[in-house]
Amino acid sequence: MRRRTRSQPSPTTGFAGAALFLVGFMGAGKTSVGRVLAQQLNWGFEDLDERIERRERRSVPEIFRDSGESEFRRAERAALEEVVGELQAGAAKVVALGGGAFVQQENAALLRTARVPTVFLDAPVEELWQRCSEQARRAGAERPLLGSIDHFRELYEMRRTSYLQAALSVETGSRPLAEIASEIAERLGLTKLEIRAQEGEVE
């Protein structure tokens, strides 16, 4: 009979499943790196903000605009608890958190209690600014935090202390995505999930 060989957790994480959370400031590459890492490992990938939008049936900007940050944080916490439950049930997934999620102490505490590995993706603030500005131009979207690089830098510095509480820090500045993903997998001892094509197929 064909079986799935699940990856084993790093001895430094203690987590019983194949799971990882990427944290960091906007523009750090959480979604881009997360997709590549998930592909390398044959895990799933999820952006937590996208789950929030599905649950709330409106976009993140709409939640902030219509209900305020406190309502968004409530929705974020509920979505995070849901994801952690799925991971503890055996889902193999790389999850990218929004820039402010890990800064919320109750969220960081939840991940520590669940013993899910967390990785802080970082880059020079000027590069983060350039990435976000370019993304906003391509999308034709307005991002309030991009109004001033001084304000952008100030918020980054405020949040960085929280990001540094992650289990691992990895630099993403001017580096290929595949190289960053491979470094994360190697440093955490993550193993590729072998997925068999057919149930019941003879070896």
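Using the number of other C-beta atoms within 10 angstrom as an exposure proxy, rank Arg65, Arg51 with the fewest first. Don't jump to the answer; show the numbers that get you there.
Values: Arg65 11, Arg51 18.
Fewest-to-most Cβ neighbours within 10 Å comes out as Arg65, Arg51.
Round to the nearest 0.05 the FRET efficiency obtained for Glu86 and Arg138 when R0 = 30 Å and r is the Cβ-Cβ distance.
Working: r = 32 Å, r/R0 = 1.06.
After rounding, the FRET efficiency stands at 0.40.
Calculate the spin-label point distance for Thr31 paired with Arg54, positioning each point 7 Å from the Cα along the beta-carbon direction, and give it in nanometres.
Calculated label separation equals 1.5 nm.
Report the gain in length on full extension from Thr113 to Thr191: 0.36 nm times residue separation, minus Cα-Cα distance, nm rounded to one decimal.
Residue separation times 0.36 nm, minus the Cα-Cα distance, leaves 25.8 nm.
Place the peptides 76-85, 119-128 in order of packing, highest mean first, counting for every residue the other Cβ atoms within 10 Å and averaging per peptide.
Highest to lowest by the protection proxy: 119-128, 76-85.
Ranking Thr191, Thr113 by Cβ neighbours within 10 Å, fewest first, what do you get?
Ordered by Cβ neighbours within 10 Å, fewest first: Thr113, Thr191.
Tell me the label-point distance for the pair Arg77, Glu179, using the 7 Å Cα-to-Cβ offset, in nm and rounded to one decimal.
Modelled inter-label distance: 4.1 nm.
Starting with the fewest neighbours, write out Lys93, Lys30 ranked by other beta-carbon atoms found within 10 Å of each beta-carbon.
Details: Lys93 19, Lys30 26.
Ascending number of Cβ neighbours within 10 Å: Lys93, Lys30.
Where a number appears in this text, it was derived from the coordinates with a stated rule and is not lab data. The model shown is predicted, which means the values in this text are computed figures rather than measured ones. Reconstructed Cβ throughout: ideal geometry from the backbone, glycine too, with neighbour counts over all protein chains shown.
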